[in-house]
Amino acid sequence: MQVRRRCMKHPGRKMMQIGFVVYRTDDPKRRLSVQDFVTNEEEGNSGPYINYREVFARFELSPGHYVIIPATFEPHRQGSFMIRVYTDCPFDLRELR
């Protein structure tokens, strides 16, 4: 979900086109490298990038560690995102910096 974009009702200002990708990882504390993107298939994504305030998808994932990567369609365009995860099992969610 795009944070605080709804408040920005300036003429000509639009929602950014957003989406996300999910990758499996062996080390949940490590950032993914370029090589990880080349060699590993994504476990899921939100579909086409769209200019809505929020995007969502439903997945059935096997137990393990995953990285959720929110992104804007336009390269080098930064945005603030909020991520919500719903699950039937207990889980640990933390931000990588």
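The values are calculated or read from the model by the stated rules, or taken from the named source; none is laboratory data. Owing to the predicted nature of the structure, the values given are computational and were not obtained by experimental measurement. All Cβ positions, even for glycine, are placed from backbone atoms using ideal geometry, and neighbour counts span all protein chains on display.
Tabulated data
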| read-out | value |
| --- | --- |
| Of all residues in the stretch 20-56 being loosely packed, with under 12 Cβ neighbours inside 10 Å and either touching a Pro at 6+ places or on another chain (Cβ under 9 Å) or not charged (D, E, K, R) (or both), the one that is nearest to L93 (Cα to Cα) | F56 |
| Selection count, the stretch 85-97, where residues are surrounded by 10 or more Cβ atoms within 10 Å (Cβ to Cβ) and within 15 Å of the chain's Cα centre (by Cα) | 2 |
| Where a residue in the stretch 29-51 is of a type in the set (D, E, K, R) and its partner, wherever it lies, is modelled with pLDDT of 90 or more and not in a loop (DSSP other than H, G, I, E, B), with Cβ under 6 Å and at least six apart | E42/V21; E42/Y23; E43/V22; E43/R24 |
| Evaluation of F91 against (1) free of Cβ contacts under 8 Å to residues at least 24 places away in the same chain; (2) part of a strand (DSSP E or B); (3) among the aromatic types (F, W, Y) (one fails), failing number | (2) |
| Contacts under 8 angstrom Cβ, first residue in the stretch 52-70 being free of Cβ contacts under 8 Å to residues at least 12 places away in the same chain, partner surrounded by 10 or more Cβ atoms within 10 Å (Cβ to Cβ), 6 or more apart | F56/S46 |
| Selection from the stretch 57-84 of residues that are at pLDDT below 90, over 15 Å from the mean Cα position of the chain (by Cα) and either surrounded by 11 or more Cβ atoms within 10 Å (Cβ to Cβ) or not in a loop (DSSP other than H, G, I, E, B) (or both) | none |
| Looking only at the stretch 24-55, and only at residues there that are assigned to a strand (DSSP E or B) and modelled with pLDDT of 95 or more, the one that is farthest from S80 (Cα to Cα) | G44 |
